[in-house]
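All remarks here apply to the structure that follows.
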Amino acid sequence: MWDASKCDLCGECLANCRYVDYDKERAAEDIKLLMEGKEADILKSCITCVACNDYCPTGADPSNLIFKMQEKTGASPIVASMKPLVDLMTKGLEGEGGPGQLIPGDPDKPVLSFDSFEFKQFPEGTLDSALFKGMSVVRGPEYMSLVGAVHMGAESLSEKYAQKVIDRLAELKKDIVYIHNEGYLLAHMKAKELGIEVPFRYQHLFEYLIDFLKNNPDSIKKLNKKVAYQANCAIRWFRQQDIWLGEIFDLIGVECPPREYSGVNALCCSGPIIGTNKELAIDIQQRNVKDAMDCGAEALITICPMCDAVLRRPTSQLGFPKIFITDLCRMALGEIPWPGA
Ligand code: SF4
Ligand code: SF4
């Protein structure tokens with residue numbers, strides 16, 4: 001959450017932004033305008049990648065200031081283009097979007113939450129995997145992660161509906177495993193920022209996968225592959241995900257060769273601007289996939305269903321395998337083959 005008391009107007013945030021060409025002086029001027037509640041050029045150019053959180057040396061959370069002001073002023077083209085979707089999401093959160101789905105499982109096992117995603121937005125066969133066997137599964141508009149609404153010009157949805165979503169999950173009276181990292185961030189980060197108590201235990205998908213792989217070492221056949229991965233925006237709020245992912249890669253015999261667009265320098269998947277700046281979106285996608293191929297990786301790993309959907313076309317056009325993280329683990333368990341094998 002934006003904390004003006006931590007901002008010394010150093011300008012690092014926007015001077016490092018990959019999607020504008022600012023020096024520190026101009027960056028500081030824009031941040032100052034936003035702090036005064038005024039419009040600034042960055043609102044139009046910002047693609048909502050969240051990377052400036054990584055660039056800010058004081059933890060002031062400049063992306064949150066930008067997202068709030070994008071919504072307040074409507075200056076970002078993302079706001080108008082996403083309004084129909086935001087209206088639909090709001091209806092869902094108000095309980096007018098049709099019922100959620102709950103597939104009951106073993107009473108002793110946790111619930112796997114898909115947030116508001118459709119099951120079909122994850123790879124085919126995900127729920128048949130030994131990884132998730134016996135778990136109850138829940139999805140629906142009232143379980144929405146909310147944190148990702150910043151990519152739709154709707155930052156305020158978290159504040160308005162976080163309590164409601166946490167309450168709905170609490171009604172299940174079970175531990176929750178979030179298959180989507182922004183669902184985890186609602187419980188782990190946003191709820192704390194908003195002073196909301198989370199009355200259930202929860203795990204990030206990666207924590208769950210690490211436990212599963214460690215508990216089933218005899219089922220793993222190391223893949224001995226090199227992969228690149230698409231860091232989704234949630235990484236910018238919660239760096240621990242990178243560490244957990246590295247642990248998963250070690251457990252299944254996967255190596256990440258160094259590449260230009262990784263860590264702090266990762267590129268956005270470009271999803272938020274596909275409807276407003278298609279040319280830039282395609283340019284980002286192509287640079288990203290080519291960089292992954294050039295580093296010697298044999299596939300691109302995605303960890304978010306949105307990144308996965310956005311990168312489907314460019315990876316397929318360039319003939320480069322793209323694998324969702326759960327499928328990568330299923331390959332190590334011998335449930336499905338490596339692409340083309
Ligand atoms: S969120 Fe990303 S695109 Fe927006 S200003 Fe920050 S770094 Fe730039
Ligand atoms: S938000 Fe952070 S990086 Fe940006 S001007 Fe303020 S202190 Fe500097």
Q) Which residues, counting only those in the range 219-263, are within 22 Å of P337 (Cβ to Cβ) and small (G, A, S)? A) S219, A228, G253
**Q.** Residue among I78, I66 that is farther than 17 Å from N16 by Cα and surrounded by 24 or more Cβ atoms within 10 Å (Cβ to Cβ)
**A.** I78
**Q.** Options R239, R259, R201; residue that is outside the structural domain of Y55 (by TED's automatic domain parsing), within 29 Å of E12 (Cα to Cα) and surrounded by fewer than 19 Cβ atoms within 10 Å (Cβ to Cβ)
**A.** R239
(Q) Looking at (1) within 16 Å of ligand 2 (Cβ to nearest atom); (2) outside any loop (DSSP other than H, G, I, E, B), which one does L112 not meet, given that it meets all the others? (A) (1)
Q) Do the conditions hold for G319, that is, is it part of a loop (DSSP other than H, G, I, E, B) and not assigned by TED's automatic domain parsing to the domain that holds F114? A) yes
Q. If T48 passes every condition in (1) buried (at least 17 other Cβ atoms within 10 Å of the Cβ); (2) over 24 Å from I273 (Cβ atoms) but one, which one does it miss?
A. (2)
Q. Does E124 qualify as being out of contact with any helix residue (DSSP H, G or I) (no Cβ under 6 Å at 6 or more places or on another chain) and either assigned by TED's automatic domain parsing to the domain that holds P272 or closer than 23 Å to I325 by Cβ (or both)?
A. yes
Q) Quick one: what pairs do we get from the range 264-282, first residue over 15 Å from I235 (Cβ atoms), second in a helix (DSSP H, G or I) and of a type in the set (F, W, Y), C-beta under 6 Å, 6+ apart or different chains? A) none
Q: Quick one: D54 ticks every box in (1) closer than 18 Å to E12 by Cβ; (2) more than 20 Å from the chain's Cα centre (by Cα); (3) not basic (K, R) except a single one, so which number is it?
A: (2)
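The values are calculated or read from the model by the stated rules, or taken from the named source; none is laboratory data. What you see is a predicted model, and the numbers here were worked out from it, not measured in a lab. Cβ coordinates were reconstructed from backbone atoms using ideal geometry, including for glycine residues, and neighbour counts include every protein chain displayed.
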